[in-house]
Amino acid sequence: MPGDSFYITTPIYYVNDIPHLGTAYCTIAADTRARFERLRGKDVRFLTGTDENALKVARAAEAEGKDVQAFVDELAERFKATWKEFNISYDDFIRTTEPRHTTVVRRFVEKLHESGDIYLSTYNGWYCVSCETFFTDDELKAGPEVSSEVNEGRPSCPNAECRKDVQWVEEPSYYFRLSAYGDRLIEEIEKRPEFLRPDSRRNEVLSFIRSGLNDVCISRMQTWGIPMPESIPDSQGQVVYVWFDALINYVSATGYLSENSDAASLFDRYWPCDVHLVGKDIFVRFHATFWPAILMALGIAVPRTVFGHGFWNIEGEKMSKSKGNVIEPVQLARDLAKSSGCEFQIAVDAMRYCLLREVAFGADGDFRRAGLIGRFNAELANDLGNLLNRSLSMLHRYRDGKVSGNRGGDSALRSVCEAALPEVGSAYADMNFIQALARINEIVNEANRHIEREAPWEKSKRGENESLDFLLTELLDTLQFVTVALAPLMPTVTQKIWEQLGEPVPFTELRWQDATRWGDLSKGHTTRKPEPIFPRIDKTDVKGSAKTVEQPPSTTDPQPSEKPTITFAEFQKMELRTAKILTAEKVKGADKLLQLTVDLGTEQRTVVAGIAQQFSPEEILGKTVVIVANLEPAKIRGIQSQGMILAAGGEVPLALITPDRDVPTGAKVR
Ligand code: MSP
């Protein structure tokens with residue numbers, strides 16, 4: 001069905017190393033989008049794979065004393081195994097050493113030779129093996145300054161994410177006439193705003209092109225790689241440049257130019273690709289310039305969207321082997337499962353959730369284990385886990401688990417879900433994961449508050465059966481919405497919730513619109529007994545039985561204003577914002593202090609608060625509080641505190657100031 005297909009790709013990953021957090025991030029994002037598109041009924045093709053013909057791959061194999069092909073075979077399996085653990089639902093996995101790819105690459109070279117788009121010359125310039133990229137002298141000079149300790153004065157790669165040594169290369173080489181495509185590229189970029197995303201990166205590409213494009217080498221004198229076609233004169237002993245080879249995977253995997261007609265039909269069905277998802281380091285030069293120009297030269301349509309996501313740092317530092325801080329995703333999920341006591345597959349989902357929830361897709365992020373655990377506890381174990389548990393427990397306690405299906409009347413919760421569905425859908429379609437997830441979390445919170453307000457336990461005591469049935473049904477309906485809305489991101493968690501809800505529609509047949517198709521939980525239908533999906537965290541009883549706050553000493557009784565009047569302008573200098581507490585722990589050796597990580601929507605901060613004697617870390621986790629966001633940072637017990645939490649009380653904090661209804665994290669307080 002034309003218009004109903006959806007083709008999404010990740011970069012193909014170099015197999016000089018095992019998968020890490022960065023590659024997992026991109027793959028999880030692509031998987032989430034692919035699952036979302038499948039949910040809304042699209043004919044999806046999701047491609048990932050491995051980039052195997054690089055010099056650095058051959059060097060990595062040599063360093064381990066292994067045969068290169070055997071080495072890449074082994075690593076390609078590692079990638080597949082990791083993606084399996086992460087529930088990555090790819091439809092195809094392409095390896096660039098496969099004949100279905102190598103033949104297409106060679107045909108491309110021949111076609112470009114026929115059309116006059118490639119020519120023979122000599123390359124004299126720099127090459128970065130780590131980025132597998134050619135750089136001119138000017139580009140090297142324009143690169144960021146590098147500290148002398150890193151490269152000891154040797155020329156280094158201008159790519160800020162790399163900075164490794166570059167080497168001088170002089171060899172005969174075939175060049176692609178990239179310089180001839182600048183105007184057409186600019187025209188395409190300006191005509192279609194959705195072509196290059198996010199918007200901020202589009203300008204970077206435009207200035208790169210406007211500064212003048214150089215022709216690009218497409219062949220190299222080396223042994224490992226796809227040999228240049230025999231028909232190309234004076235190319236003996238050369239292989240195809242790895243980036244030219246790698247980019248072609250996106251079409252070779254669709255069977256383009258294949259003699260097998262079934263394979264070839266994929267091209268007609270799925271091309272042009274809907275989204276190429278790549279990291280910012282390979283966006284400008286390769287995916288937004290070189291690749292579309294190659295396609296233009298061959299008369300093939302360019303992709304609809306190329307999206308450049310940001311980079312993760314690890315605990316404030318660049319992720320790198322030399323720093324020893326490279327995060328292996330499967331190991332991280334194991335650690336999370338162990339520390340939180342949940343199943344491995346639940347930890348995988350939690351990681352998927354946290355990675356896409358943490359920073360705006362496109363922006364850089366700082367990965368912190370404490371932040372991951374905080375988010376997991378606050379939004380999954382606490383908010384979502386509680387809603388599921390309480391709703392099903394009450395249904396079992398009061399109604400033997402049977403759903404009355406009483407929808408006689410207007411439900412505020414159902415209306416909120418109905419209004420949110422298109423918003424969440426557009427956010428997913430826009431790769432705005434943070435917005436989709438924030439909206440879903442707001443609804444979970446709203447449902448939890450609804451339980452408090454409506455106090456079903458009171459209704460039961462008073463025998464208000466109709467109203468109790470109505471409430472229990474609207475809670476289950478909200479869970480139905482939340483489950484479908486989170487299904488693209490958390491396949492295991494949502495399937496488990498779905499099964500506990502006892503929904504008649506099989507999980508595998510779910511459609512996006514089912515989120516608000518009320519009534520499937522028909523009268524008399526029985527739900528399962530709740531089984532905690534996330535480990536329960538120690539939380540103060542909502543009715544306040546567990547914690548007692550010390551009575552205030554008499555000196556904290558209301559006092560007349562003690563401070564001089566300030567002007568409105570003075571007040572306005574203060575930036576007050578709502579912030580969600582993601583982690584909280586006692587500061588060692590300081591019995592009054594808690595160290596908190598708080599989320600301001602756009603960033604996370606560390607705040608040290610003198611509330612440890614009145615509030616336990618568990619009790620305040622997940623709470624939304626108000627912070628003075630522009631207070632000068634201060635070092636408290638060696639910890640840099642970036643803000644102050646507002647609390648009522650004098651010397652002794654008696655209560656934290658929290659908003660009385662749901663507001664977005666980071667909202668201004670006026
Ligand atoms: N083989 C090329 C891609 C060819 S696509 C035709 C390549 N491979 S890679 O293995 O080095 O990188 C793959 C992806 O991982 C890139 O999109 C890169 O941006 C991403 N990341 C690498 N480190 C990262 C972080 N620290 N954070 C987020 N993504 C990062 O490049």
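Below are the figures for this structure:
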| quantity | calculated |
| --- | --- |
| Ranked by how many other beta carbons lie within 10 Å on average, peptides 118-127, 523-532, 14-23 from highest | 14-23, 118-127, 523-532 |
| Convex hull of Cα atoms in the chain, direction-averaged projection (nm²) | 35.3 |
| 5 angstrom amide H check on V44, placed H, neighbours 5+ away | F6 |
| The chain, accessible surface, carbon-and-sulfur percent (1.4 angstrom probe) | 49 |
| Per residue value of the accessible surface for the chain (all protein chains in place, 1.4 Å probe), Å² | 44 |
| Cα shape, segment 88-233, gyration tensor, a/c 1.5 rule | rounded |
| Highest average packing first - 635-641, 270-276, Cβ atoms within 10 Å | 270-276, 635-641 |
| Folded to 0 to 90 degrees: helix 199-210 orientation relative to the chain principal axis, Cα | 20 |
| Fraction of the pair-distance distribution of segment 568-669 above 19 Å, Cα-Cα pairs, percent | 39 |
| Nearest-ten-degree value, helix 385-399 long axis tilted from longest Cα axis of the chain | 50 |
| With Cα atoms, 0 to 90° folded angle of helix 433-454 axis to the chain main axis | 10 |
| Span per principal axis, largest first, for the Cα atoms of segment 421-525 (Å) | 47, 27, 21 |
| Per-residue HN-Hα couplings for segment 366-382 [Karplus 6.51, -1.76, 1.60; θ = phi - 60°; Hz; x = Gly/Pro] | 10, 7, 10, 4, 4, x, 4, 5, x, 5, 4, 5, 5, 9, 9, 4, 7 |
| Using a Förster distance of 25 Å, the FRET efficiency for E423-E194 (Cβ separation, nearest 0.05) | 0.85 |
| The chain - mean residue ellipticity at 222 nm from DSSP helices (-39,500 (n - 2.57) per run, n ≥ 4, rounded to 500) | -12000 deg cm²/dmol |
| Gained length - R154 relative to Q222, 0.36 nm times residue gap less alpha-carbon distance | 22.1 nm |
| Segment 183-253: Cα Rg divided by the 2.2 N^0.38 Å rule of thumb | 1.46 |
| Packing-based ranking, highest mean first, of 389-395, 459-465, 74-80 given that Cβ atoms within 10 Å are counted | 389-395, 74-80, 459-465 |
| Where no second cysteine Cβ lies under 4.7 Å, the cysteines concerned in the chain | C26, C217, C273, C342, C354, C417 |
| Surface/4 of the Cα convex hull for segment 437-476, nm² | 2.7 |
| R0 of 41 Å, Cβ-Cβ distance E570-K592: FRET efficiency to nearest 0.05 | 0.90 |
| Solvent exposure ordering (accessible area, 1.4 Å, most first) of M431, M319, M574 | M574, M319, M431 |
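The values are calculated or read from the model by the stated rules, or taken from the named source; none is laboratory data. Treat the numbers as computed from the prediction; the structure is a model and nothing was measured. In this analysis, Cβ positions are derived from the backbone assuming ideal geometry, glycine residues included, and neighbour counts consider all displayed protein chains. The accessibility values were calculated without ligands, DNA or RNA, using every heavy atom of the protein model including side chains. Shrake-Rupley method; radii C 1.70, N 1.55, O 1.52, S 1.80 Å.
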